[in-house]
There are 4 protein chains.
Amino acid sequence: MSHTIKDKLPLILRAKRIQGQVQALVRALEEERDCSDVLQLMSAARGAMNSLMAELLEGHIRSHVLSGRQKPTAQQVVAADEVIDMVKSYLK
Amino acid sequence: MSHTIKDKLPLILRAKRIQGQVQALVRALEEERDCSDVLQLMSAARGAMNSLMAELLEGHIRSHVLSGRQKPTAQQVVAADEVIDMVKSYLK
Amino acid sequence: MSHTIKDKLPLILRAKRIQGQVQALVRALEEERDCSDVLQLMSAARGAMNSLMAELLEGHIRSHVLSGRQKPTAQQVVAADEVIDMVKSYLK
Amino acid sequence: MSHTIKDKLPLILRAKRIQGQVQALVRALEEERDCSDVLQLMSAARGAMNSLMAELLEGHIRSHVLSGRQKPTAQQVVAADEVIDMVKSYLK
């Protein structure tokens, strides 16, 4: 993953937070908590996952699709922004 | 969560498997693994989460929306099946 | 569709608006309009469709899953509200 | 939209088919058809829309994000394929 450590740290922290959310979900299921509570925990974890997924896809598009031997043109950057905006709106 | 232990065990196992998948994702980010590998792990975890979410929603609809003081009518069961089918197809 | 005319009119108007949006999309493709414009039209039509879908599912849950021979209990109504909230958030 | 006429024709035909599907939905609502029938029509139109959206996004990524002054590298093409695969799986 060709990101600098500065870039990657927030991603790791977000992934760890999701790990905690899934752990809370496992516990809620084991403790036979209310179905509504379980659904709420599940839904929060899923939302956090979608938003991390969108972030990772954005990084992949910017670092690996857009950047080749040469700097991308302004039009390519605009087109990438449009794709990223749509991907983010689907993964909300 | 008013499911019997028999019902809940597979849900707990699935939630634990997702926990493992998120753990693998954290590790992949920490080890600066390839962006494609990270995306693949993320995508698998997200898919498993969506499918568990669909399962929990189905249980919620059948146990808590459909079942009140009286047995639901055949038409209510059919309508619930339709809703569940659609929810499942969105969460694939 | 067992809704009164009053209930159904806004749904028909929304479906007709979507028809107009899809028509605009067809025209944009035929006129070889900019790819970004086409995507924007497509995305708006898709959003409107998702939101109408959520509305129809809500109506189906309230009128056909929840309502049988007897009035649903307060707990059933709460559970239905939870399902509807989640379906709406997925279809945003 | 910088696609050749050969490329664009199938997209126009698909958009027109969606237009027909939305028209059928409007009619079903006006004729007070069964709620299940309405949902089925809505769901089919939405699926067709999602799949057309995925197609347009793929075209946008290949023609506008990937292609600048220079031919993209093999790695860029692979990365684009990965993004496209994921976008397609979300829009199914």
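Does D:Met53 fit the bill of being touching a Lys or Arg at 6+ places or on another chain (Cβ under 7 Å) and in a helix (DSSP H, G or I)?
Numbers: touching a Lys or Arg at 6+ places or on another chain (Cβ under 7 Å): yes; in a helix (DSSP H, G or I): yes.
Spelling it out, D:Met53 is indeed touching a Lys or Arg at 6+ places or on another chain (Cβ under 7 Å) and in a helix (DSSP H, G or I).
Take D:Val26 and tell me if it is buried (at least 22 other Cβ atoms within 10 Å of the Cβ), modelled with pLDDT of 95 or more and more than 14 Å from chain A (Cβ to nearest Cβ).
Working: buried (at least 22 other Cβ atoms within 10 Å of the Cβ): no; modelled with pLDDT of 95 or more: yes; more than 14 Å from chain A (Cβ to nearest Cβ): yes.
No.
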field: Considering residues of segment D:80-90 that are at pLDDT below 95 and at the interface with chain A (Cβ under 7 Å from one of its Cβ atoms) only, the residue surrounded by the fewest Cβ atoms within 10 Å (Cβ to Cβ)
entry: D:Tyr90
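Looking at B:Glu58, B:Glu82, B:Glu31, which is the one that is on the phi < 0 side of the Ramachandran plot and touching a residue at least 24 places away in the same chain (Cβ under 8 Å)? Walk me through how you get there before you give the answer.
On the way: B:Glu82 fails: touching a residue at least 24 places away in the same chain (Cβ under 8 Å); B:Glu31 fails: touching a residue at least 24 places away in the same chain (Cβ under 8 Å).
Unique residue meeting the criteria: B:Glu58.
Hey, can you tell me all the residues within segment D:62-79 that are over 22 Å from D:Leu13 (Cα atoms), among the charged types (D, E, K, R) and more than 8 Å from chain A (Cβ to nearest Cβ)?
Filtering segment D:62-79 for residues over 22 Å from D:Leu13 (Cα atoms) gives D:64-79.
Applying the additional criterion that residues be among the charged types (D, E, K, R) yields D:69, D:71.
Within segment D:62-79, just D:Lys71 meets the criteria.
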query: Mind checking which residues of segment D:38-61 are open to solvent by 10 Å² or more (accessible area, probe 1.4 Å), within 8 Å of chain C (Cβ to nearest Cβ) and not hydroxyl-bearing (Ser, Thr, Tyr)?
result: D:Arg46, D:Gly59
- prompt: Considering segment C:62-79 alone, what residues qualify as being open to solvent by 30 Å² or more (accessible area, probe 1.4 Å), part of a helix (DSSP H, G or I) and farther than 12 Å from B:Thr73 by Cα?
  reply: C:Arg62, C:Ser63, C:Ala74, C:Gln75, C:Val77, C:Val78
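The values are calculated or read from the model by the stated rules, or taken from the named source; none is laboratory data. Bear in mind that the values here come from a model prediction, so they are computed numbers and not experimental data. So basically every Cβ, Gly included, is an ideal-geometry build from the backbone, and we count neighbours across all protein chains shown. What goes into the accessible areas is simple: the full protein's heavy atoms, side chains included, and nothing from ligands, DNA or RNA. Shrake-Rupley method; radii C 1.70, N 1.55, O 1.52, S 1.80 Å.
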